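What follows is a set of notes on a single structure, which appears directly below.
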Amino acid sequence: MTTILPLGLLDKAISSRVWILMKDDREFEGSLRGFDDFFNMVLENVIELDNGKKSKLESILLNGSQICLIVPGGEIS
Amino acid sequence: MSHEKRTSADFFKQVFGRTVTVKLHNRTEYIGVLAALDGNMNIVLEQCEEYLESKLINKYGQILLRGNNVLYISAKFNQTKQQDVEI
C-alpha cells in the first residue's frame with residue numbers, strides 16, 4: 001500500500017503543465033518549475049485567465065495563499 | 001537548463017535588481033526594480049509605476065508592498081539576460 005502525499009503529487013507534476021484555480025475567479029496554466037510548503041509556485045510560459053481576459057506571462061512566482069485547486073497536466077479549457 | 005527544478009527560494013535570488021511586474025489581488029499592477037523581497041512576499045520596488053487595467057495611475061520613487069496583497073511576481077529573465085550581456 002503506497003500513500004500519496006499532496007506535495008508528493010505536486011512534485012511529480014514538476015516540469016509538466018499544471019492548471020491552477022484560485023479562490024476568486026482567476027485561473028493560471030503554466031509549466032511547473034518548483035514550489036514550496038506554502039504552495040507558492042514558480043511557473044513558466046504562463047497563461048493567466050482573469051475575468052475572461054487571457055494574458056501571457058514568461059515566468060512568475062505565484063502566491064500560494066489564494067490557491068484553491070491544482071490539476072496536474074490540465075489545460076485552461 | 002530550462003528543465004531544472006526551480007524553487008521559490010531560487011526565484012527570490014534570481015529576481016533581485018531586475019524589473020518585475022507585481023500583481024495584487026485587487027488587480028493593481030506595479031512595475032519597478034525589485035530592491036527587496038522576503039518570505040512573506042513583502043516587496044520593495046524602486047522607480048515604480050502603478051497600473052490599473054493597463055492604464056498608468058501613478059509613479060513612485062520607492063514603495064513597500066505588504067506581502068498578503070501579492071498575487072504574483074512576474075519577471076522576464078531572457079530580456080534581462082540580454083541587457084546584462086550589453087553591459
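A few comments on the model shown:
- Residue match in region B:13-28 (condition: closer than 23 Å to A:Phe39 by Cα and in contact (Cβ under 8 Å) with a residue 60 or more places away in the chain): yes
- Applying the criterion of being away from every other protein chain (no Cβ under 11 Å) and in a loop (DSSP other than H, G, I, E, B) to the residues of region B:1-54, the residue that is farthest from A:Leu62 (Cα to Cα) is B:Met1.
- Qualifying residue in region A:33-43 (condition: touching a His at 6+ places or on another chain (Cβ under 8 Å) and either in a loop (DSSP other than H, G, I, E, B) or more than 18 Å from B:Phe77 (Cβ to Cβ) (or both)): no
- Scan of region B:1-57 for residues that are closer than 25 Å to A:Ala13 by Cα and among the hydrophobic types (A, V, I, L, M, F, W, C), ordered by number: B:Met1, B:Ala9, B:Phe11, B:Phe12, B:Val15, B:Met41
Per-residue answers, yes or no, for (1) more than 8 Å from every other protein chain (Cβ to nearest Cβ); (2) of a type outside the set (Ser, Thr, Tyr):
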{"position": "A:Lys12", "(1), (2)": "yes, yes"}
{"position": "A:Ser15", "(1), (2)": "no, no"}
{"position": "A:Val18", "(1), (2)": "yes, yes"}
{"position": "A:Ile60", "(1), (2)": "no, yes"}
{"position": "A:Pro72", "(1), (2)": "yes, yes"}
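- The condition (being within 18 Å of B:Phe11 (Cβ to Cβ) and facing chain B (nearest Cβ under 9 Å)) is satisfied by just one residue among A:Asp24, A:Asp36: A:Asp36.
FYI, it's all coordinate maths here, none of it is from the lab. Nothing here was measured: the structure is a model prediction, and the numbers come from that model. All Cβ positions, glycine included, derive from the backbone under ideal geometry; neighbour counts span all protein chains shown.
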